[in-house]
Amino acid sequence: EFDTAYFNSYAHVGIHEEMIKDRVRTDTYRNAIFQHQHFIAGKVVVDVGCGTGILSIFCAQAGARRVYAVDASDIAVQANEIVKANNLCDKVIVLHGRVEDVEIDEEVDIIVSEWMGYMLLYESMLGSVITARDRWLKPGGLILPSHATLYMAPVTHPDRYSESVDFWRNVYGIDMSAIMPLAKQCAFEEPSVETITVENVLTWPQVVKHVDCYKVTTQELESITSRFRFESMMRSPFHGFAFWFDVEFTGPVGNQRKKRPNPNDALVLSTAPEDPPTHWQQTLVYFYEPLDVEQDQVIEGSLTLSQSKENARFMNIHLAYSSGGRSFVK
């Protein structure tokens with residue numbers, strides 16, 4: 001039921017238009033595919049969640065012998081027409097169905113997928129990549145992207161707080177402050193996807209989770225807990241935490257690097273505040289009340305991300321944090 005609604009949402013062309021027009025995203029994937037052209041040429045690829053088929057076509061252009069383009073959404077019908085229009089039917093086979101259900105009668109050399117959701121793991125599409133890996137990928141095969149890292153940092157955002165809450169203090173000369181508690185609840189109850197800048201970030205970020213796509217398991221993603229400790233770099237109101245991610249496109253298993261590679265060595269697609277904006281933006285978890293922090297003040301606590309029991313594509317966030325002798329839970 002939930003999956004049907006999820007796949008139906010991807011049948012709308014607007015969501016694919018937004019993703020394709022995200023030049024940072026699409027150019028990085030295209031560059032990664034052609035950077036690994038020596039590995040892709042003459043090989044078999046599966047594109048997990050192919051959408052319009054653009055990544056499958058990039059792989060065909062890079063010399064893939066065969067590309068299985070898999071998507072459970074009805075956009076697969078359009079993907080098939082696009083493949084025909086580009087005379088690639090001999091190379092690209094569109095499979096309309098879930099990765100868990102479709103059949104591919106051969107092992108594959110490469111998995112390509114644009115699986116990342118907001119805050120990296122929202123939508124839980126990485127599970128489908130893991131399924132494809134375990135079903136079809138040859139030993140020593142290539143996964144693009146190969147690694148992903150989720151980051152977090154405390155932020156200050158007075159403008160956002162002012163727009164959503166303080167606005168009600170004086171509306172056309174009328175005191176509407178009675179609505180402020182409800183305004184805070186509506187504005188800050190759930191995570192917010194928006195763009196911030198480095199000026200909003202109070203500290204250096206910390207890693208919440210590093211994902212090795214060659215090794216990660218679905219069980220590992222069901223619940224992730226990370227402890228954090230930050231020191232504020234300035235005196236400022238502390239409004240919440242921001243989350244962002246990057247993904248790396250490194251070579252196959254034998255050539256993996258343990259640390260984040262130098263950008264000259266491997267392509268990195270970043271959604272960090274200091275990098276060019278993407279359609280993922282950043283994910284903000286705001287507090288109902290800001291907390292004033294001094295320079296060098298410690299902010300510490302723990303974060304747990306868990307898949308919703310009702311709908312595994314949703315994510316529950318539990319934040320316990322303390323600073324200045326006060327403790328809070330969000």
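Of all residue pairs spaced 6 or more apart or on separate chains, those with beta-carbon atoms under 8 Å, a first member in region 151-175 that is in the same structural domain as Thr197 (by the TED database) and a second member that is part of a helix (DSSP H, G or I) and hydroxyl-bearing (Ser, Thr, Tyr) are Trp168/Ser177; Arg169/Ser177. Across region 105-126, the number of residues qualifying as small (Gly, Ala, Ser) and either open to solvent by less than 10 Å² (accessible area, probe 1.4 Å) or modelled with pLDDT of 95 or more (or both) comes to 2.
Counting only strands (runs of 3 or more DSSP E) that sit completely within region 151-233, those holding 3 or more residues that are open to solvent by 70 Å² or more (accessible area, probe 1.4 Å) correspond to 223-231. Going residue by residue through region 72-91, is there one that turns out to be crowded, with 20+ Cβ neighbours inside 10 Å and of a type in the set (Asp, Glu)? For region 72-91, residues crowded, with 20+ Cβ neighbours inside 10 Å and of a type in the set (Asp, Glu): absent.
Listed by position, the strands (runs of 3 or more DSSP E) enclosed by region 288-330 that each have at least 2 residues that are open to solvent by less than 40 Å² (accessible area, probe 1.4 Å) are 298-307, 315-323. Of all positions in region 236-246, at least one carries a residue that is over 25 Å from Asn316 (Cβ atoms) and in the same structural domain as Ala272 (by the TED database). Just to be sure before I move on: is Glu190 among the acidic types (Asp, Glu) and closer than 17 Å to Ile299 by Cα in the structure I sent? No, not satisfied. If the condition is being in a strand (DSSP E or B), farther than 18 Å from Val207 by Cβ and open to solvent by 30 Å² or more (accessible area, probe 1.4 Å), then region 267-287 contributes only Leu267.
Let's see how each residue does on (1) closer than 19 Å to Lys138 by Cβ; (2) assigned by the TED database to the domain that holds Gly14; (3) hydroxyl-bearing (Ser, Thr, Tyr); (4) free of Cβ contacts under 8 Å to residues at least 24 places away in the same chain:
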residue	(1), (2), (3), (4)
Val44	yes, yes, no, no
Thr52	no, yes, yes, no
Arg65	yes, yes, no, no
Lys84	no, yes, no, yes
Glu100	no, yes, no, no
Ile104	yes, yes, no, no
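Screening Val165 against (1) under 25 Å from Ser236 (Cα atoms); (2) of a type in the set (Val, Ile, Thr); (3) at pLDDT 95 or above leaves a single unmet condition, (3).
All conditions but one from (1) part of a helix (DSSP H, G or I); (2) surrounded by fewer than 20 Cβ atoms within 10 Å (Cβ to Cβ); (3) in contact (Cβ under 8 Å) with a residue 24 or more places away in the chain apply to Pro139; the one that does not is (1).
The values are calculated or read from the model by the stated rules, or taken from the named source; none is laboratory data. Computed from a prediction, not measured in an experiment: that's the story for all the values here. When we count neighbours, we look across all protein chains shown, and the Cβ atoms used for this are built from the backbone with ideal geometry, even at glycine. The accessibility values were calculated without ligands, DNA or RNA, using every heavy atom of the protein model including side chains. Shrake-Rupley method; radii C 1.70, N 1.55, O 1.52, S 1.80 Å.
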